[in-house]
Structure formats: structure tokens, C-alpha cells
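Presented below is the structure to which this report refers.
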Amino acid sequence: MSRDELIKLLKREFATTLKVIRAFPEGMLSFKPHPRSSPAVTVMSTFVFEMYLIGANVFGDNLDRSIFKTYSPANVAMLADDFEKAYSKVLADMEKMADSDLKKPVEFAGNKSTAGEFIQFMLFDQIHHRGQMSVYIRLAGGKVPSVYGPSADDPGTNLQKKS
């Protein structure tokens, strides 16, 4: 995948994930659909952390890993804002990189890949957790937004019939 294609994917998935975050009911961050499930705040914090991990592993940003244990947004709006800030930093860095930079070796959690593969891995993991959140939203009493197609609550702007 070229840098431009990866940027296009990043922008599209960011917008969709942000829509899902903002759809989560305020005051329900500690919600868990099952005793073995993670609280909603933990799942949604993953979106922020994945942007930090791209910055650290691809762009050499200094990452204070203690944030993974201490991050505690006060509300959904703060979490959405933190996600947007982290994404904006990654996007700005990606817009400066060359296609050849995507071949740079990256090692994460004992796995070796290229920078491009690592960015895709983080985006696909974001998509996975976004699916989790769509279920959490419904169970917490929220309205599930359209993601790749309509939901029972949102017909989806791209799929609406034109008269």
C-alpha cells in the first residue's frame, strides 16, 4: 500500500472511529457488558494508545509507557479529543514521510514488520475494537452509528436513497 493510500485509509477509519466514540453515552465509561469484559473506557482508550504506538514505533516519538496504566479520561468528550490530537500528530507525520519510509523495519511485541504493515495492523486493530464498541453502545443504551453500512439507529449518509 502506498503512503497516499495508507493516509486515505487512516483518515476514513479515524472519522468512523471518532463517530463511534462520540456515540457512546456520557456517564457510562465504566460500563461492562459482562464481568469478563473490559470497561468501555479501557476499550476506547485503545484507540488513543494505538495512535501513540504508531508515533513511537514508526516515527520515533518518545513514549511514556506509564500512560497505558494511568490514562483516565473524565468523559467521552475528553477521550474523543485525545484521540483526535493523537491522530492529528500521526497524520502530520505520515504526510511528511516518503513511500520508501513505509519499508522501514519495525519491531513491536516481539513481532517484526515494516512501518507500513505496522500502521495497517494498528488500524485493523482499531476496526476490531470499534466493532466491540458498537455492541457496548447498544447495551449501554446509546444509538449505534452507521459504520460501513446502516445500523438500526442510523441509515448511513452514504447509503440513503435519493429521491
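The values are calculated or read from the model by the stated rules, or taken from the named source; none is laboratory data. Here the structure is a predicted model, which is why all the values come from computation and not from measurement. No Cβ is skipped: glycine too gets one built from the backbone with ideal geometry, and neighbour counts run over all protein chains shown.
How many of the residues in the stretch 31-43 are crowded, with 18+ Cβ neighbours inside 10 Å and part of a loop (DSSP other than H, G, I, E, B)?
Residues that pass the stated criteria total 1.
Does Ser151 satisfy the criteria of being without any contact (Cβ under 8 Å) to a residue 12 or more places away in the chain and either touching a helix residue (DSSP H, G or I) at 6+ places or on another chain (Cβ under 8 Å) or surrounded by 11 or more Cβ atoms within 10 Å (Cβ to Cβ) (or both)?
no
Can you name every residue in the stretch 64-85 that is part of a helix (DSSP H, G or I) and at pLDDT 95 or above?
Val76, Ala77, Met78, Leu79, Ala80, Asp81, Asp82, Phe83, Glu84, Lys85
Name the single residue that is nearest to the chain's Cα centre (by Cα) among those in the stretch 76-110 being closer than 14 Å to Met51 by Cα and charged (D, E, K, R).
Glu84
For the stretch 1-30, which residues satisfy the criterion of being more than 15 Å from Lys143 (Cβ to Cβ) and in a loop (DSSP other than H, G, I, E, B)?
Met1, Ser2, Gly27, Leu29, Ser30, listed by residue number.
Suppose we filter Ile119, Ile137 for residues that are at pLDDT 95 or above, hydrophobic (A, V, I, L, M, F, W, C) and either under 22 Å from Pro35 (Cα atoms) or not in a helix (DSSP H, G or I) (or both); which single one remains?
Ile137
Residue check, Thr46 against (1) surrounded by 10 or more Cβ atoms within 10 Å (Cβ to Cβ); (2) of a type outside the set (Lys, Arg); (3) free of Cβ contacts under 8 Å to residues at least 12 places away in the same chain; (4) in contact with a helix residue (DSSP H, G or I) (Cβ under 9 Å, 6 or more places away or on another chain), all met but one. Which one?
Failing condition for Thr46: (3).
Being exposed (fewer than 15 other Cβ atoms within 10 Å of the Cβ) and touching a residue at least 12 places away in the same chain (Cβ under 8 Å) narrows it down to one of Lys143, Lys112, Lys96, so name that one.
The unique qualifying residue is Lys143.
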